[in-house]
1. Assigned to a helix (DSSP H, G or I) and in contact with a helix residue (DSSP H, G or I) (Cβ under 9 Å, 6 or more places away or on another chain): does that describe S111?
2. What's the number of the only condition in (1) touching a residue at least 24 places away in the same chain (Cβ under 8 Å); (2) within 16 Å of the ligand (Cβ to nearest atom) that N67 fails to meet?
3. Looking at region 237-262, which of the residues that are away from the ligand (no atom under 16 Å from the Cβ), touching a residue at least 40 places away in the same chain (Cβ under 8 Å) and aliphatic (A, V, I, L, M) is farthest from A106 (Cα to Cα)?
4. May I ask you to list the residues in region 345-390 that are without any contact (Cβ under 8 Å) to a residue 24 or more places away in the chain and of a type in the set (S, T, N, Q)?
5. Of the residues in region 290-318, how many are in a helix (DSSP H, G or I) and over 15 Å from D224 (Cβ atoms)?
6. Could you list all residues from region 311-332 that are buried (at least 17 other Cβ atoms within 10 Å of the Cβ) and among the aromatic types (F, W, Y)?
7. Suppose we filter region 10-49 for residues that are in a loop (DSSP other than H, G, I, E, B) and away from the ligand (no atom under 15 Å from the Cβ); how many remain?
8. Residue under question is G102, and the condition is that it be on the phi > 0 side of the Ramachandran plot, modelled with pLDDT of 95 or more and in the same structural domain as G296 (by TED's automatic domain parsing); does it hold?
Amino acid sequence: MFESMLMAPSDPILGLSTIFRNDIRKKKINLGIGVYINEHNEAPILESVKHAEDFLLKKEMNKNYLNIEGIHAFNNATQSLLFGQDESIISKERIRTVQAPGGTGALRIISECIAKHFNIYFGRKQRIWISDPTWVNHKNIFIASGLELHTYPYYNQYKHALDFEKFLDTLNCSVKATDIVLLHCCCHNPTGIDPTIEQWKILSENSEKNGWIPLFDLAYQGFDTDLKNDLQGLHIFCKHNSELIVCNSYSKNFGLYNERVGACTIIAQNNDHAERALSQLKSTIRANYSNPPAHGASIVSTILTNPILYSIWENELKCMREHIKNMRFLLIQNLNHNNQHNKPNFDFITNQKGMFAYMDLNSNQVTKLRKNSGIYLVDSGRINLAGLSKQNIQYVCESIRDLF
Ligand code: LMR
């Protein structure tokens, strides 16, 4: 049977890490996958996480199955992190959250649930719009879920900025009522370019007027300004829109990459709609992985509900954010150092936010960096800033400058 299968292409991000591991050169640098590396060249386990694990080890009484929707304390803590403790942003009865195996798992279950229901309801494939460019796995997830995939223009390569006019034009002319539009809540992956507050307001009004449903992908909360400010776009939408979806990941901001912790939160028009949507999400989960794993989500809910651990975590997140910002600054400084007139200027990276620098390098240049210098970045020319260090930054910048 299996002889009829063709070889699947290697994953552009995770596959790259495998190629990197197999590279026997001593001087090699992985700037591909979005993992936080500290100044000691380690992907650290946060102190807040270690404390929570100590506590859980002592307290844990059984290894019983979780509910289909996951740990209630975790789901409630997720809602509080997203929308605040009080009901000023969103009334609790309109909101439901399910735990998911990572942000990817959250996106997968909501999109499968939507496809399962609306492909029959509308008698055609439900459409989803993703930004061009976007995180490479979005396409895989939504196609595998059975949605019809479309892209909206997002990035102006010449101006190194958001192409808001074209984006809006697509929303007005091509996106239909009830279509899903995927928005990156903050720190757009891979471009690092987010809408301004004014633009978020226009988007939210557009959604309300034209009836498309916003699906927020939130993987980098806390990596731009802070936990609350990074949600400004989402909160603007909450004021205007009666329905929205948020898929958030705790991989980056808790450094819990291999624990697979995330959540899917839906906001509906009222309690009854929310309850029905929850029941469909649960049935999708049951048919996929039955119920989620406990450990990672227990860590997150322990930290989010304990004021001391919360403040340790908030501070650790701040340190990660500042280290990445520092690396962005050093990258620009080193790239522009002694720059000759005929070489490109990389000042545009200053305006980008989050973990990545979107470098405007083509795939030939990316391949050259990998082959000639042992520097690995994803084909789009995205650099994981946290992979840079004071030790390797000069070498990286020289290698990049040599490409021109
Ligand atoms: C990335 O964009 O590098 C991360 O989100 C890791 C992944 O799963 O692709």
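1. yes
2. (2)
3. Applying the filter and picking the extreme gives I245.
4. N345, T350, N362, S363, N364, T367
5. Here the count works out to 19.
6. Of everything in region 311-332, just one residue is buried (at least 17 other Cβ atoms within 10 Å of the Cβ) and among the aromatic types (F, W, Y), namely W313.
7. Going through region 10-49 one residue at a time, the tally reaches 14.
8. In short, yes.
The values are calculated or read from the model by the stated rules, or taken from the named source; none is laboratory data. Because the structure is a prediction, the values reported are computed rather than measured. All Cβ positions, even for glycine, are placed from backbone atoms using ideal geometry, and neighbour counts span all protein chains on display.
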